[in-house]
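Read through the structure below, which is laid out as structure tokens, and then see the notes.
The values are calculated or read from the model by the stated rules, or taken from the named source; none is laboratory data. Remember, predicted model here, so these are calculated numbers, not experimental data. Neighbour counts run over all protein chains shown; Cβ positions are idealised from the backbone, glycine included.
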Amino acid sequence: MNQEKIGKFIATCRKKQNLTQEELANNLGITSKAVSKWECGKGLPDASIMLDLCQILNITVNDLLSGEIVDKSSYQKKLEENIIDTIDYSNKKVSQKNKLIFKMLMLFGLILIFIAFTIYPSESSWGKVLSITGLIISTIGFANINKIKPLIKRLFLSISYFIIIFTLLIFIDYSNVSLNKVPPRFSYLIETTDKIIMYKSPLCNVYRLNRNTKNEYYIIDTKKIYTINNIPISPFNRDKSGIDNIIKYKNKYVGNNSNTNNLINNLPLSEYGYVIEINSTNLELTIHYHITDWYINNNYYLEKSLLYNTVSLFALIDNINKITFTFSGNTYTVTKTQVQELYPNFNDIISDNINKNNFNKYLENKINNNSFIEYIFKKIFIN
């Protein structure tokens, strides 16, 4: 069916009837744009108005679909051809409409996935459900757009589409976990204890520690070497106060105010605010914390913080001799000699220009032992 030929034929017949596009449109109860579209070969009249159009133009439907006045001798042949062409045209229109619907369905599914990733937090079960729902809807749309034969090949492409998009979502989720330190969206198992939540996901296990506290932190275990029973646990924010972060502030001189301040700012208790004083002559450091010591002394948190800060500062600032910690309640003073003599394995920690494994073994891991903390704190600090 030649739409361009039919369009020119409609225009010719309209002009023979001395009708403008607008007049023809008014007689048919449609817009002049529709008539213009026919005459430009960009569409055909709907079947519902085809008889009225032919009556106005003084032609037959067979003439209209042929794009010319049909000779009586070939009328039957043309009629049969037009019937077949009309059926074929209708099928193509339905197919195009269905294809558009399934494209929109495919796009709608992808939009659902986008909404799930941007609106819902990663730990929300709704985000996960919406993501999977969107992926299924998008896959259905993709499967119906492709009319590839045989069916087994079409099925293979649809499954491949699902796997590719799902794999992409897994990697996006992993990137979000790594960059923003959040629970994975596609975790398939969650285990919870008093201090830990473990999320198992396809690419990594994520451990959430000190949840819903100021010192909450995450450990992303890509090699899956930890379990909920042997994961490193710290009462502090390990991302901030752990040796992997604070070692970058290692310095030879306590007089380096900027470096010293950055180090203290990443150690425990800094979240409450503080002011520092540096005596470069006597190589002494005083830290005034803006909080009373009894306020934070829950489960030996004060003792743990002061021991951790003391060992970290003496290990990372080479020439410091003395540190004083002051609160609105008490003052705690300690010297490097005391730490070297009384804190177990301090020299192992500072060996090799700070041994990270020893730091974690002899300081971080010991911080969780309340009996050890109570004993060492009394030996080292002069109250």
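Structure summary
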| item | result |
| --- | --- |
| Residue in region 290-301 that is closer than 23 Å to residue 359 by Cβ, out of contact with any Gly (no Cβ under 8 Å at 6 or more places or on another chain), free of Cβ contacts under 8 Å to residues at least 40 places away in the same chain and of a type outside the set (S, T, N, Q) present | no |
| Unique match (being within 18 Å of residue 102 (Cβ to Cβ), in the same structural domain as residue 113 (by TED's automatic domain parsing) and among the hydroxyl-bearing types (Ser, Thr, Tyr)) among 160, 131 | 160 |
| Odd one out for residue 164 among (1) modelled with pLDDT under 90; (2) in a helix (DSSP H, G or I) | (1) |
| Criterion: part of a helix (DSSP H, G or I), of a type outside the set (Ser, Thr, Tyr) and within 28 Å of residue 14 (Cβ to Cβ) - qualifying residue of 68, 81 | 81 |
| Test: residue 323 is surrounded by 17 or more Cβ atoms within 10 Å (Cβ to Cβ), assigned by TED's automatic domain parsing to the domain that holds residue 283, under 18 Å from residue 297 (Cα atoms) and hydrophobic (A, V, I, L, M, F, W, C) | no |
| Any hit, region 219-234, residues being touching a strand residue (DSSP E or B) at 6+ places or on another chain (Cβ under 7 Å), within 21 Å of residue 313 (Cβ to Cβ) and among the acidic types (Asp, Glu) | no |
| Answer residue from region 32-47, given it is of a type in the set (A, V, I, L, M, F, W, C) and not in a helix (DSSP H, G or I) and is modelled with the lowest pLDDT among those | 44 |
| Residue under evaluation residue 225, criteria (1) surrounded by 15 or more Cβ atoms within 10 Å (Cβ to Cβ); (2) modelled with pLDDT of 90 or more; (3) not assigned by TED's automatic domain parsing to the domain that holds residue 337, criterion not met | (1) |
| Every pair of residues 6+ apart whose Cβ atoms lie under 7 Å, when the first sits in region 218-236 and is basic (Lys, Arg) while the second is surrounded by 16 or more Cβ atoms within 10 Å (Cβ to Cβ) | 224/205 |
| Selection count, region 4-31, where residues are in a helix (DSSP H, G or I), without any contact (Cβ under 8 Å) to a residue 12 or more places away in the chain and polar (S, T, N, Q) | 2 |
| Selection status of residue 62, farther than 30 Å from residue 138 by Cα and free of Cβ contacts under 8 Å to residues at least 12 places away in the same chain | no |
| Residue check for residue 136: within 30 Å of residue 207 (Cα to Cα) and in a helix (DSSP H, G or I) | yes |
| Sole exception among (1) touching a Leu at 6+ places or on another chain (Cβ under 6 Å); (2) at pLDDT 90 or above; (3) of a type outside the set (A, V, I, L, M) for residue 12, by number | (1) |
| Lone qualifier among 100, 107, 130 - being modelled with pLDDT of 85 or more, surrounded by 15 or more Cβ atoms within 10 Å (Cβ to Cβ) and part of a helix (DSSP H, G or I) | 130 |
| Answer residue from region 69-102, given it is in contact with a helix residue (DSSP H, G or I) (Cβ under 6 Å, 6 or more places away or on another chain) and of a type outside the set (Lys, Arg) and is farthest from residue 47 (Cα to Cα) among those | 102 |
| Residue list for region 35-78, filter: among the acidic types (Asp, Glu) and farther than 17 Å from residue 89 by Cβ | 39, 52, 68, 71 |
| Near pairs, Cβ below 8 angstrom, 6+ apart or cross-chain, from region 108-127 (outside the structural domain of residue 207 (by TED's automatic domain parsing) and without any contact (Cβ under 8 Å) to a residue 60 or more places away in the chain) to any residue that is part of a loop (DSSP other than H, G, I, E, B) and exposed (fewer than 13 other Cβ atoms within 10 Å of the Cβ) | 127/119; 127/121 |
| Answer from 59, 83 - the residue that is loosely packed, with under 15 Cβ neighbours inside 10 Å and either hydrophobic (A, V, I, L, M, F, W, C) or at pLDDT 85 or above (or both) | 83 |
